Amino acid sequence: MTAIGWIQILLFCAIIIALVKPLGAYMTKVFNGERTFLWPILRPFEVGLYWISGIDEKREQHWLVYAVSMLLLQVVGFLALYALLRLQAGLPFNPAEQSAVAPDLAFNTAVSFVTNTNWQSYGGETTVSYLTQMLGLTVQNFLSAATGVAIAMALIRGFARSSMRTVGNFWVDLTRCTLYVLLPICVVGTVVLVWLGVPQNLSAYTEATTLEGAKQIIAQGPVASQMMIKHLGTNGGGFFNANAAHPFENPTAITNFIHMISIFAIGAALTNVFGRMVGNQRQGWAIFAVMGVLFLVGVVVTYWAEASGTTGLHALGLTGGNMEGKEVRFGIVASALFAVITTAASCGAVNAMHDSFTALGGMIPLINIQLGELIIGGVGAGLYGMLLFVVLSIFVAGLMVGRTPEYVGKKIEAREVKMAMLAILILPLMYLGWTAVAVVMPSAVASMANAGPHGFSEVLYAFTSATGNNGSAFGGLSANTMFYNLTLACSMLVGRFFMIVPAMALAGALAQKKSIPPSAGTLPTTGGLFVGLVVGVIVIVGGLTFFPALALGPIVEHLAMTANTLF
Amino acid sequence: MLKEIRPAIILTIALSIITGLAYPLAMTGIAGTFFPSQAGGSLIEKDGKVIGSALIGQEFTGDQYFHGRPSATSAPDPSDSTKTVSAPYNAANSSGSNLGPTSKALNDRIKEDVEKLKAENPSAPIPLDLVTASGSGLDPHISPEAALFQVPRVAKARKMSEDSVRKLVTDRIEGRQAGIFGEPRVNVLALNMALDQASAN
């Protein structure tokens with residue numbers, strides 16, 4: 001670990017903290033339908049979209065209608081993307097002549113992008129056409145991100161409103177998020193990325209003759225426009241197989257820094273939107289602090305583990321940490337930091353191969369996802385995931401002192417706690433359940449690239465990543481098989497919608513409640529005690545759930561590594 | 001609820017056109033106009049022929065060139081399309097080795113490379129990045145230590161003095177960006193092109 005490494009980490013944290021308030025203020029205005037500086041340019045488009053789609057922006061929806069609207073959008077988006085993947089061979093913008101994607105892979109990929117997972121069973125440059133990249137993957141990058149933010153907005157309104165039956169209008173939230181938040185940042189960001197070296201063209205792959213006279217086919221495409229939304233929307237599906245480790249996706253340490261900031265920006269700012277909407281920004285900062293504590297612990301452990309290297313490398317006289325699967329231009333620190341960011345948020349882009357991380361360095365990304373990706377989290381998804389844990393923590397605190405728990409003026413009662421528990425429990429059911437199935441199936445075991453405990457970690461990571469809608473991988477696992485394509489798609493769907501629908505039910509139930517003013521017996525939810533309580537509940541619930549599985553994978557592997565046992 | 005079907009279909013189509021066609025195509029137009037070289041993949045041409053991209057590593061095996069890092073990329077086996085064969089620096093199929101910290105295969109590979117390098121230059125410690133595969137398999141850079149490590153071999157093969165080769169390397173060391181970001185590095189392709197130029201003179 002070096003001083004310059006820590007400076008990079010601290011600079012990253014400082015920029016995110018600086019973005020929280022201005023971006024939070026802007027987004028609050030956008031979702032309240034107030035004028036912003038982009039209004040003169042974008043408002044006509046917004047009105048036009050409502051007009052052709054028959055949407056009345058003043059008409060609000062009951063939580064159930066809101067949830068059904070959201071599900072309908074997913075169905076249409078899924079069908080469109082599936083069709084595109086199957087038909088791409090005969091459609092334009094296909095200079096590399098990609099053939100139709102196989103049915104199970106197309107199903108997996110369509111589910112993956114609609115659920116904001118962006119799991120890569122496909123290999124970007126070898127599988128999909130430019131049209132699919134743009135009209136399929138890029139579109140879902142926008143829409144799945146906007147969906148996540150919309151759900152978070154509905155839940156925030158649930159807390160902020162008093163005695164109301166509605167939680168907003170899904171179509172309006174979706175449109176505003178896309179037009180006023182995602183698109184403008186992407187347009188500016190794309191230009192900057194191209195300037196820094198990320199390609200953006202529709203040319204065929206280039207054939208080069210290398211200095212030594214060999215033939216090298218260089219894959220190209222409209223990369224920059226997809227990079228921006230892929231990180232800003234915490235999607236993470238790479239244009240190329242190697243994702244953001246590829247020099248075209250991520251040519252310099254500065255583009256790498258821009259990617260990392262984009263991943264956290266919206267999720268961090270949403271905590272401030274929450275604070276503003278419930279009438280006290282300190283409520284937002286308290287949630288941000290919970291996320292910050294968990295994030296920093298992860299960064300320290302991963303950076304330390306990767307900088308320490310492995311016993312195998314030491315035995316060969318190699319010093320300087322673990323560089324297998326990492327790029328020279330990023331080095332250890334920017335690779336370790338990126339890995340923690342991408343799994344804390346539900347992004348899943350990678351700039352180094354997590355499969356080749358040390359046992360403990362790779363365990364932190366795994367834990368981040370298993371905790372529910374609520375450390376900043378996916379855009380929107382992180383905030384509603386965190387609020388579910390807040391409800392649970394408030395409930396636990398209420399039990400301890402024997403009072404009805406309340407949070408930002410809302411009594412937390414049986415229905416709310418049930419919904420929170422349903423959402424929290426469904427995740428381990430998926431990733432532990434499917435991992436258990438996979439490791440007793442010889443055909444599924446055959447997909448592992450590494451032997452020993454690391455092979456188990458690969459499978460556990462795959463189902464964890466899919467359920468958490470992360471999309472990063474211990475990439476050695478050959479997941480493009482019928483079994484993995486279908487079971488991972490199942491995990492993605494359950495992980496996404498069994499989280500969203502209870503969160504929506506919670507939003508509806510909360511909106512109907514009367515707001516009550518805080519009394520002397522109310523637990524203050526803006527101080528260190530509250531932050532400590534929520535961190536404790538997250539770690540304990542998480543720890544009890546997945547510690548046994550971790551013991552079979554990364555922990556035992558770490559012990560084996562220390563003894564220099566190889567598999 | 002049935003009336004939500006119309007926005008589901010029409011809004012999806014409209015937003016698809018905006019975000020899936022208008023946005024990437026407009027960006028392609030702007031990028032090509034203002035930054036044609038970057039937008040086109042930072043290609044390097046020599047005598048009208050593309051010899052590579054400044055951002056993409058390529059394979060060097062000869063003693064007279066500086067070598068990049070090990071690359072774990074592969075290509076479909078020409079004789080059996082269900083299998084793959086090793087194809088280092090295949091820029092049409094990027095990937096890392098994905099071998100874990102307790103992998104015997106990884107350990108054997110590194111050991112073999114370490115021994116080769118020790119025989120080549122017994123006087124310096126083995127640079128870590130020269131024996132570890134990059135994440136993309138297309139890493140265009142090596143560390144300054146890894147470049148300096150190869151100076152004796154390259155100088156001997158080119159019949160140049162070590163000092164002149166070393167100077168070519170030190171001239172091409174790129175520092176951290178803005179003094180903070182990333183790591184010091186040397187672009188292997190740029191270095192080898194400079195080397196060819198120097199030899200020609």
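Please enumerate the residues belonging to segment A:67-95 that are buried (at least 20 other Cβ atoms within 10 Å of the Cβ) and either touching a Gly at 6+ places or on another chain (Cβ under 7 Å) or small (Gly, Ala, Ser) (or both). Answer for segment A:67-95, where residues must be buried (at least 20 other Cβ atoms within 10 Å of the Cβ) and either touching a Gly at 6+ places or on another chain (Cβ under 7 Å) or small (Gly, Ala, Ser) (or both): A:67, A:69, A:77, A:80, A:81, A:84, A:85.
Looking across A:240, A:295, A:288, one residue alone is within 14 Å of chain B (Cβ to nearest Cβ) and in contact (Cβ under 8 Å) with a residue 24 or more places away in the chain. It is A:240.
In summary, residue A:361 fulfils each of the numbered conditions (1) more than 28 Å from residue A:178 (Cβ to Cβ); (2) of a type in the set (Gly, Ala, Ser); (3) not in a helix (DSSP H, G or I) with the single exception of condition (3).
A single entry from A:165, A:86 fulfils the requirement of being basic (Lys, Arg) and in contact with a His (Cβ under 7 Å, 6 or more places away or on another chain): A:165.
Of the helices (runs of 4 or more DSSP H) lying entirely inside segment B:94-200, those carrying at least 2 residues that are closer than 17 Å to residue A:327 by Cα and in contact (Cβ under 8 Å) with a residue 12 or more places away in the chain are B:144-149, B:188-200. Examine segment B:48-61 for a residue that is more than 9 Å from chain A (Cβ to nearest Cβ), part of a strand (DSSP E or B), closer than 22 Å to residue A:216 by Cβ and of a type in the set (Val, Ile, Thr), and state whether such a residue exists. Among the residues of segment B:48-61, not one is more than 9 Å from chain A (Cβ to nearest Cβ), part of a strand (DSSP E or B), closer than 22 Å to residue A:216 by Cβ and of a type in the set (Val, Ile, Thr), which makes the answer no.
Considering B:189, B:148, the condition of being more than 15 Å from the chain's Cα centre (by Cα) and over 14 Å from residue A:313 (Cβ atoms) is satisfied by B:148 alone.
With respect to residue A:323, is the statement that it is more than 21 Å from the chain's Cα centre (by Cα), within 14 Å of another protein chain (Cβ to nearest Cβ) and not hydroxyl-bearing (Ser, Thr, Tyr) true? Considered against the rule, which asks whether it is more than 21 Å from the chain's Cα centre (by Cα), within 14 Å of another protein chain (Cβ to nearest Cβ) and not hydroxyl-bearing (Ser, Thr, Tyr), residue A:323 comes out as yes.
Within this structure, residue A:342 fails the test of being among the polar types (S, T, N, Q), within 8 Å of another protein chain (Cβ to nearest Cβ) and either part of a helix (DSSP H, G or I) or farther than 18 Å from residue A:6 by Cα (or both). Is segment A:269-279 home to any residue that is more than 18 Å from the chain's Cα centre (by Cα), at pLDDT below 95, over 22 Å from residue A:139 (Cβ atoms) and of a type outside the set (A, V, I, L, M, F, W, C)? Yes. Restricting the first member to segment A:110-138 and to residues that are at positive phi, and the second to residues that are of a type in the set (Gly, Ala, Ser) and in a helix (DSSP H, G or I), the beta-carbon pairs closer than 9 Å and six or more apart or on different chains are A:116/A:144; A:116/A:145; A:116/A:148; A:116/A:381; A:118/A:112; A:118/A:144. Each residue in segment A:296-317 was checked for being in contact with a Gly (Cβ under 7 Å, 6 or more places away or on another chain) and aliphatic (A, V, I, L, M), and 2 of them qualify. The residues listed here are B:103, B:123, B:97; of these, the one that is closer than 30 Å to residue B:157 by Cα and polar (S, T, N, Q) is B:123.
Of all residues in segment A:444-476, those satisfying the criterion of being over 20 Å from residue A:360 (Cβ atoms) and buried (at least 24 other Cβ atoms within 10 Å of the Cβ) are A:463, A:466, A:467, A:469, A:471. Sort out which residues of segment A:365-382 are within 14 Å of chain B (Cβ to nearest Cβ) and either outside any helix (DSSP H, G or I) or among the aliphatic types (A, V, I, L, M) (or both), and write them in order of number. Answer for segment A:365-382, where residues must be within 14 Å of chain B (Cβ to nearest Cβ) and either outside any helix (DSSP H, G or I) or among the aliphatic types (A, V, I, L, M) (or both): just A:366. For segment A:184-209, the candidate set comprises residues that are of a type in the set (A, V, I, L, M, F, W, C) and surrounded by 24 or more Cβ atoms within 10 Å (Cβ to Cβ); within that set, the residue that is nearest to the other protein chains (Cβ to nearest Cβ) is A:194.
The values are calculated or read from the model by the stated rules, or taken from the named source; none is laboratory data. None of the values given here were measured: they were computed from a predicted structure. As a convention, Cβ positions derive from the backbone with ideal geometry for all residues, glycine included, and neighbour counts pool all protein chains shown.
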